[in-house]
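None of the figures in this text is laboratory data; all of them are computed from the coordinates on show. Note that the structure is predicted; figures quoted are calculated from it, not measured. Backbone-built Cβ (ideal geometry, glycine too); neighbour counts: all protein chains shown.
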Amino acid sequence: MERATTAPPDRTAGTTVACPHCERAVAVPVPDEDADPTVSTRVAAFGDHTVAHCSAGHRFWVYYC
Ligand SMILES: [Zn+2]
C-alpha cells in the first residue's frame, strides 16, 4: 500500500462498502479507523450507525462494531 505524499483532501476517514441490494460500492464515513463497518438492510436501535444511500437510490444502514 502506498502512502500519499500530499495531504488528503478530506480528513474524515472513510471506506467503501457494497450495497446489499445491488453490490455497488458506496462510500461511508468511518468514525474510528478501528471500526469495522457492517452493512444491514434493517435498522436496529443499538450501536453507532449511519444511513447510506447508493447511487441506485437504495438505502441501507451501516453499523460499526
Ligand atoms: Zn444499491
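Charges were assigned to the Cβ only: +1 to each Lys and Arg, -1 to each Asp and Glu. The resulting dipole of region 14-64 about its Cα centre is roughly 380 debye.
Taking amide H as placed 1.01 Å from N in the peptide plane, V28 has its amide H under 5 Å from the amide H of T15, T16, V17, each at least 5 places away in sequence or on another chain. Evaluate E = 1/(1 + (r/R0)^6) for C22 and F46, where r is the Cβ-Cβ distance and R0 equals 25 Å; express this FRET efficiency to the nearest 0.05. Calculated value: 0.45. Using every pair of separate Cα atoms, the Kirkwood estimate puts the hydrodynamic radius of region 14-64 at 10.9 angstrom.
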